[in-house]
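**Q** Before anything else, here's the structure in question.
The values are calculated or read from the model by the stated rules, or taken from the named source; none is laboratory data. Computed from a predicted structure; not experimentally measured. Positions of Cβ are generated from backbone atoms using ideal geometry, with glycine treated the same way; all protein chains shown enter the neighbour counts. Note: areas computed on protein heavy atoms with side chains; ligands, DNA, RNA excluded. Shrake-Rupley method; radii C 1.70, N 1.55, O 1.52, S 1.80 Å.
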Amino acid sequence: MILFPAIDLKNGQCVRLEQGDMARATVFNLDPAAQAQSFVAQGFEYLHVVDLDGAFAGKPVNAHAVEAMLKTIPIPVQLGGGIRDLATVEAWLEKGITRVIIGTAAVRDPELVKAAAKKFPGRVAVGLDARDGKVAVEGWAETSQVTVLEIAQRFEDAGVAAIIFTDIARDGLLKGLNLDATIALADAIAIPVIASGGLASIEDVKAMLTPRAKKLAGAIAGRALYDGRLDPAAALALIRNARRS
């Protein structure tokens, strides 16, 4: 189980949104690289970054901020937002991103995911963001008619490293993870699943470490870390102890 601290980029700044709404953004740090260094200092092992502007634009927008982070931190980074073609996948991996996350294009262009996962084994994840069980695209501005499970099953044998499943209704609202839906997805597919959206407290981390959640590969923490509701040291100690046992 990996706990990923999240950095969401908007206008070069580190922000958190509520339910994916760009109009409901809170700026938490003007310097994303400094924020990334802070997460490293707290003991995190893997960083989750989203180029929010990129997700809407369909191409990388906050590349400068991402590159600044890559230069200053030693831990791996997974990046999503605006990655819609093989050239962009390749460019980010060459710049030092460990794993790219393909979201909208996974719905619109599943062949891209398959080609990228084949070319870069273990370095391509799929981001599936659900509103009432249906996958949302274009920075969550549109909801498709396909379910998360239908999309996930398309990539069952493609070599995808992980599915990052976000419940939009909970994202940024500190309501707790939707573990029931996330575990149901993980139980239905062979691809590792990472939980996202709503992680609120140490109780969510404890729930991730229970036997019923054993198939989950990790969780993403955002606002709870920025608001101080989740103590990084306590959360990471729990995970370390669980790994030992």
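**Q** Mind listing just one residue for me: the one in region 47-75 that is free of Cβ contacts under 8 Å to residues at least 60 places away in the same chain and within 13 Å of the chain's Cα centre (by Cα) and, of those, farthest from residue 222 (Cα to Cα)?
**A** Ranking the qualifying residues of region 47-75, first place goes to 51.
**Q** Residue 26 passes all but one of (1) β-branched (Val, Ile, Thr); (2) touching a strand residue (DSSP E or B) at 6+ places or on another chain (Cβ under 7 Å); (3) at pLDDT 95 or above; which number fails?
**A** Going through (1) β-branched (Val, Ile, Thr); (2) touching a strand residue (DSSP E or B) at 6+ places or on another chain (Cβ under 7 Å); (3) at pLDDT 95 or above one by one, residue 26 breaks only (3).
**Q** Then there is this: Go through (1) assigned to a loop (DSSP other than H, G, I, E, B); (2) more than 30 Å from residue 115 (Cβ to Cβ); (3) open to solvent by less than 30 Å² (accessible area, probe 1.4 Å); (4) not polar (S, T, N, Q) for residue 174 and report which single condition fails.
**A** (3)
**Q** Considering only region 199-245, give the helices (runs of 4 or more DSSP H) lying wholly within it that have at least 2 residues that are at pLDDT 95 or above, on the phi < 0 side of the Ramachandran plot and open to solvent by 60 Å² or more (accessible area, probe 1.4 Å).
**A** Ranges flagged: 202-208, 232-244.
**Q** Would you mention how many residues in region 130-171 are within 17 Å of residue 222 (Cβ to Cβ) and either surrounded by fewer than 17 Cβ atoms within 10 Å (Cβ to Cβ) or more than 16 Å from the chain's Cα centre (by Cα) (or both)?
**A** Residues flagged as within 17 Å of residue 222 (Cβ to Cβ) and either surrounded by fewer than 17 Cβ atoms within 10 Å (Cβ to Cβ) or more than 16 Å from the chain's Cα centre (by Cα) (or both) within region 130-171 amount to 1.
**Q** Could I ask something else about it? Which pairs have Cβ atoms under 8 Å, sit 6 or more apart or on different chains, and link a residue in region 231-245 that is β-branched (Val, Ile, Thr) to one that is in a helix (DSSP H, G or I) and open to solvent by less than 100 Å² (accessible area, probe 1.4 Å)?
**A** Hits for this filter: 239/205.
**Q** Okay, moving on. Scan region 105-118 for residues that are out of contact with any Lys or Arg (no Cβ under 9 Å at 6 or more places or on another chain) and open to solvent by 30 Å² or more (accessible area, probe 1.4 Å) and report the count.
**A** Looking only at that region, the number is 3.
**Q** Kindly establish whether residue 123 is among the charged types (D, E, K, R), in contact (Cβ under 8 Å) with a residue 40 or more places away in the chain, out of contact with any Cys (no Cβ under 6 Å at 6 or more places or on another chain) and open to solvent by 40 Å² or more (accessible area, probe 1.4 Å).
**A** So residue 123 fails the test.
**Q** A further question follows. Does residue 20 count as in contact (Cβ under 8 Å) with a residue 12 or more places away in the chain and either on the phi < 0 side of the Ramachandran plot or surrounded by fewer than 18 Cβ atoms within 10 Å (Cβ to Cβ) (or both)?
**A** Here the answer is no, as residue 20 does not meet what is asked.
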